[in-house]
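In what follows, a single structure is set out as structure tokens and then discussed.
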Amino acid sequence: MPKPLVLTVLLSILIDTVKSGTIHLDNEPGGGGFFDIIEGQNFKIQCISDEPVESEDDVKWTTVDNNEIDTASMSRFTIPMRLQSGNVRRTLIFTRIQPHDEGTYYCQLFDRGELVKRIDVNIRVSKPVVWSSNATELGGKVGEPLTIDCGTKSNPEAGIEAYDQYDVILSKSELKFVRANNEFTIPALTDKYQNAEVTCSAYVTMPNMVTRVFSKTVKIKVWKKPEFKPTHSTVYAVPGQTARIRCEVESSVPDVVNFQFMKAGHILQTSSEYRVDSFPSKNYAVLSIVDVQDEDLGTYRCVAHNAILSSHIDIQLETAKPPMQPKVTFLGFDDGETTWEIENDEDNELPVLNYAIRYAIERLNTTSTQNLKPGDNLAREWLRQNYHAASEIVVKKARSNIYKISGLFKEKRYMFEFTPRNAAGTGEPFYVTVNLEKLSEVSSTLSVAPFSLFITLLFLTFYVF
């Protein structure tokens, strides 16, 4: 039979009356002389010499049977350390202490192999509290009741109380809870309960009459269907190319677990016609339609599921159009270089990729301009009929929308053509004629604020037909 535990601890048993007070513990036991530890917890206690000792082995931890505890075990072992003063500190460590670790241990000091002093350490291992519910997160829909069970199975006599995340007892919390025994119920969930935390506390009196507090925390989730990130309801595709439909969720409780794409009520899977890339952990999915044809146009549905609720968004796939005529603003001329601002209202269609800019010195009384009717655009007609006589540059679309054309003569009138392009084709050009000679005259005779000069230049030299 196991040796019964002594209810009183001898903090120090003097073996050698000549040497006293030469070792001590870094911690004192509780009431009744016991260290009461909960099963599964880590525990350590240090045996420290009060004076320098010859060897680290002069300070030892042993079992009640005088078996030395060394550093070999993983669950119960000791670590020695010599301090700068020459004293030795030996730490007894239990990792995840178990009931079989319960018992008496000796902190002992030796001098030349003889026992000088011993301190008894009595350890008692108690069972942990077993909660009636191990849930750490509970949820429900808006308007539904939700009950949090704070009761215990192992300690029916434990005192139970619950607190909100601000350590306010639930009966006084701003959030409404109704208590019935050890259960706390929210009558009807609302958004204000989202991510609120309730801490259940069980007050258990240990055998040494010391009260221990055991706690668990439960997070409240108000379930909501996935909400899609605002996006364009229409995606534009170029026939023969791959079109991509992306849907993204910006909020969902609980988190999204999967996406589905549908067309005409049929679920689309990865195949020779489609590719589905779903990233629930990142809250988005992409449907790629390979080699778009007329039959691929129409309405596609993206469905997001969060294991509790689902929602969908419909996206229309239409044929992309070339860009519209750009809005062009002349900003100035300096040292042979003109500066322009070019903008396109893309209207959620395919973005402009680049602009083709053609320009030439205006030539009057040529064959191509003699037969112009009143109201005809000289620049347009001349540049159309004399395509290869004009200079051309192609510029990528810039974020700033600012573009420069250099190498121009200041005493000439220039005709310009600005043509936008996207993946669907070429848009309608914009034409304008600018008299750089007049600009040079104005620049040399006027001295005004930059903004006023800009307005004056536009008034004098900007011709749009």
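The values are calculated or read from the model by the stated rules, or taken from the named source; none is laboratory data. It should be emphasised that the depicted structure is a prediction, and the values quoted were computed from it without experimental measurement. Counting neighbours? That spans all protein chains shown, and the Cβs are built from the backbone with ideal geometry, glycine included.
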Sort out for me the strands (runs of 3 or more DSSP E) sitting completely within segment 379-426 that have 2 or more residues that are more than 25 Å from Asp335 (Cβ to Cβ). 413-422
Which numbered condition Cys107 misses (of (1) under 44 Å from the mean Cα position of the chain (by Cα); (2) buried (at least 17 other Cβ atoms within 10 Å of the Cβ); (3) more than 30 Å from Ala188 (Cβ to Cβ)): (1)
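Per-residue answers, yes or no, for (1) within 29 Å of Glu250 (Cβ to Cβ); (2) touching an Asp or Glu at 6+ places or on another chain (Cβ under 7 Å); (3) of a type in the set (Lys, Arg); (4) in the same structural domain as Asp36 (by the TED database):
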{"site": "Glu161", "(1), (2), (3), (4)": "no, no, no, no"}
{"site": "Gln165", "(1), (2), (3), (4)": "yes, yes, no, no"}
{"site": "Thr205", "(1), (2), (3), (4)": "no, no, no, no"}
{"site": "Thr211", "(1), (2), (3), (4)": "no, no, no, no"}
{"site": "Lys219", "(1), (2), (3), (4)": "yes, yes, yes, no"}
Conditions: (1) exposed (fewer than 13 other Cβ atoms within 10 Å of the Cβ); (2) farther than 17 Å from Asn27 by Cβ; (3) free of Cβ contacts under 8 Å to residues at least 40 places away in the same chain. Arg96 meets all but one. Number of the miss? (3)
Regarding Val168, is this residue hydrophobic (A, V, I, L, M, F, W, C), over 30 Å from Lys282 (Cβ atoms) and either exposed (fewer than 13 other Cβ atoms within 10 Å of the Cβ) or modelled with pLDDT under 95 (or both)? yes
List, please: which pairs have Cβ atoms under 6 Å, are six or more places apart or on different chains, and start with a residue in segment 63-85 that is assigned by the TED database to the domain that holds Cys47 and farther than 13 Å from Ser49 by Cα and end with one that is in a loop (DSSP other than H, G, I, E, B) and among the hydrophobic types (A, V, I, L, M, F, W, C)? Thr78/Ile69
Report, by residue number, each residue of segment 296-338 that is acidic (Asp, Glu) and not in a strand (DSSP E or B). Asp296, Asp335
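Could you pull out the residue among Thr231, Thr199, Thr217 that is out of contact with any Leu (no Cβ under 9 Å at 6 or more places or on another chain), among the hydroxyl-bearing types (Ser, Thr, Tyr) and modelled with pLDDT under 95? Spell out the reasoning first.
Values: Thr199 fails: modelled with pLDDT under 95; Thr217 fails: modelled with pLDDT under 95.
From the options Thr231, Thr199, Thr217, the qualifying one is Thr231.
Is it true that Ile186 is out of contact with any Cys (no Cβ under 9 Å at 6 or more places or on another chain), crowded, with 16+ Cβ neighbours inside 10 Å and among the β-branched types (Val, Ile, Thr)?
Numbers: out of contact with any Cys (no Cβ under 9 Å at 6 or more places or on another chain): yes; crowded, with 16+ Cβ neighbours inside 10 Å: yes; among the β-branched types (Val, Ile, Thr): yes.
So Ile186 passes the test.
Would you point out the residue of segment 343-359, among those that are under 23 Å from Glu392 (Cα atoms) and modelled with pLDDT under 90, that is surrounded by the most Cβ atoms within 10 Å (Cβ to Cβ)?
Just the residues of segment 343-359 that are under 23 Å from Glu392 (Cα atoms), to begin with: 343-344, 351-359.
So of that shortlist, the ones also modelled with pLDDT under 90 come out as 344, 351.
Working: Asn344: 19, Pro351: 12.
Once the filter is applied, the top-ranked residue is Asn344.
Pull up segment 427-442, narrow it to residues that are of a type in the set (A, V, I, L, M, F, W, C) and not in a strand (DSSP E or B), then point me to the one that is farthest from Thr319 (Cα to Cα). Can you show your working first?
Taking segment 427-442 first, the residues of a type in the set (A, V, I, L, M, F, W, C) are 430, 432, 434, 436, 439, 442.
Retained after the next criterion (residues that are not in a strand (DSSP E or B)): 436, 439, 442.
Working: Leu436: 42, Leu439: 44, Val442: 48 Å.
That would be Val442.
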